[in-house]
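Laboratory data are not the source of any read-out in this text; all were calculated from the coordinates shown. In this text the structure is predicted, and so the values were computed from the model without any measurement. Neighbour counts run over all protein chains shown; Cβ positions are idealised from the backbone, glycine included.
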Amino acid sequence: MRGKRKPRRGPARRGRKLSNRPAPPPDLSTDAGKAFALRALQERITRAGKEKRVDNSSLYAGSPMYYYCGMCGGLSDVLPESHSERPRRRCGPCQEMLNAGYSEELRTFTVPCPSCGGSGKVPHHPTEPSRRSVTGKRWKV
């Protein structure tokens, strides 16, 4: 048993990473997950600003086409030149943030309205009067 080595113990082993697998995505339903996602978005924006973009018009015929995310500017899709499907407009992490309620205009996560469910249309309740009075004039709110 000449070639077998004992595993190292102590401080030299503590700092080493045991797995090369990527970390699981954050849970965007919690505040900590949302804060982590916002920090990750900021890192992707700064990283994409430093990377050189591929100019599709300067590539040779038959070269793949490169498409970039509209939120962070990172690479979102690489498709062959003769593709027929639409390229993705957002990269995977940015699309997950949008699905969880991130607003690009406000640059934060929003909570949908409890009365309309996020559609923007307020349902009319029979106990409440309508927006127009009997004479047809609008109420002053």
Listed by chain and number, the residues whose amide H is under 5 Å from that of residue 76, excluding neighbours fewer than 5 places away on the same chain and using placed H, are 67, 68, 69
First select every other residue whose beta carbon is under 14 angstrom from the beta carbon of residue 41; then total the charges, Lys and Arg +1, Asp and Glu -1. +3
Out of residues 5 or more away from residue 109 or on other chains, whose amide H comes under 5 Å of its own, with H placed 1.01 Å from N in the peptide plane? 103
